[in-house]
Amino acid sequence: MSDKSDCPPPPTGDPDPAVLAAQAKERPEGATVYPGPDDPPIDRLSQCGFITGLSNVAKLKGASVINDLNAPDPPMANIATVASVFSFDDPDHPYVELDSVADFTIPPSKTAFLIYGFMPTTATMRLTALGPMTVITTGIGAELYVTTIYGKQDLRLTDVKVNGQPMDVGSGCRAKAPLQIKLVGTNRSGLDGVVTPKDYAIQEGGPLAQDDLYIPPFTGCRTPAGEDLSALFTSAISGHGNSLNLIQGPLCAPLADPKYCTPHIPYPVPPHR
């Protein structure tokens, strides 16, 4: 259990316009968006909780821990709803959507891999969020509830060691382009009335996954002597077939429902894969 019993201030920033534009194509014609263009923004109410999990890199044939809950003071995710969309024109197919923004600072994690298939190498992978994450939840009544979390992360490598010996690759060793995060959580209880451990809901938590996370080629991995090692890291790490497998614990909602914050915000049970 965590000794934290309150949330930080709500996240700032707005949902990704490209994500909202794509979601708008899925809405029924004439759906109501609140707040509208002439309405004041919704007061943001902070909700927070712990997330942990595994980052599986296909070429490494292994996984790195994301947000080790055994580490001192692991960070929490923080989320606030900024808009809702609804349509009840078709009683057989009502539509409800919640749009939110979230912050989650992922601590650096150690990873191990083989360069050329035989040179044991370790490095620290650092992920930095490029703006807030966009969270879209859809579903109502006897339907499938789906939550999708979008975000962009800058990936850098530091503290590289080859055969146990430090290798200075500079401060700019990074993926050429941001990682495109698209985590999905589903809840089928609205379909069959049965709640299972595989179900996800923002307030209660549950499993979130991304089954094909693309890691772009690396650039800027240069030794003090000028040798460019970017191609080595690209060969060892980059490509498709990687995955994220996370578990979110229940959210603390201090203003909406204080019982979730007393006396501790619970850790989730880490995933296994």
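For first residues located in the stretch 76-94 and more than 18 Å from Pro35 (Cβ to Cβ), partners that are open to solvent by 70 Å² or more (accessible area, probe 1.4 Å) and lie 6+ apart or on another chain with Cβ distances below 6 Å form the pairs Pro94/Phe88.
Of all the numbered requirements in (1) more than 20 Å from the chain's Cα centre (by Cα); (2) outside any strand (DSSP E or B), Gly131 misses one, and that requirement is (1). The single condition among (1) surrounded by fewer than 17 Cβ atoms within 10 Å (Cβ to Cβ); (2) assigned to a strand (DSSP E or B); (3) in contact (Cβ under 8 Å) with a residue 60 or more places away in the chain that Tyr150 does not satisfy is (1).
Looking across the stretch 184-200, the residues that are part of a strand (DSSP E or B) and in contact with a Gly (Cβ under 8 Å, 6 or more places away or on another chain) come down to Gly185, Asn187. Restricting the stretch 95-112 to residues that are at pLDDT below 90 and touching a Gly at 6+ places or on another chain (Cβ under 8 Å) leaves a set whose member that is farthest from Ala253 (Cα to Cα) is Ala112.
All of (1) open to solvent by 60 Å² or more (accessible area, probe 1.4 Å); (2) in a loop (DSSP other than H, G, I, E, B); (3) more than 30 Å from Ser109 (Cβ to Cβ); (4) touching a strand residue (DSSP E or B) at 6+ places or on another chain (Cβ under 9 Å) hold for Asp92 with one exception: (4).
All of Thr32, Thr81, Thr52 fail the test of being closer than 25 Å to Gly141 by Cβ, surrounded by 12 or more Cβ atoms within 10 Å (Cβ to Cβ) and in contact with a Leu (Cβ under 8 Å, 6 or more places away or on another chain), apart from Thr81.
Within the stretch 183-193, is even one residue farther than 22 Å from Pro74 by Cα, surrounded by fewer than 18 Cβ atoms within 10 Å (Cβ to Cβ) and modelled with pLDDT of 95 or more? Yes: one or more hits.
Annotation: Gly241 fulfils all but one of (1) touching a Ser or Thr at 6+ places or on another chain (Cβ under 9 Å); (2) open to solvent by 10 Å² or more (accessible area, probe 1.4 Å); (3) of a type in the set (Gly, Ala, Ser); (4) modelled with pLDDT of 90 or more; the unmet one is (1). Can you say whether Ile66 is at pLDDT 95 or above and touching a strand residue (DSSP E or B) at 6+ places or on another chain (Cβ under 6 Å), as far as the supplied structure shows? Criteria not met by Ile66.
The values are calculated or read from the model by the stated rules, or taken from the named source; none is laboratory data. Just so you know, these numbers come straight off a predicted model, no measurement behind them. Note that we place each Cβ from the backbone using ideal geometry, even for glycine, and neighbour counts take in every protein chain shown. For the accessible areas, the whole protein counts, side chains as well, though only heavy atoms, and no ligand, DNA or RNA atoms are used. Shrake-Rupley method; radii C 1.70, N 1.55, O 1.52, S 1.80 Å.
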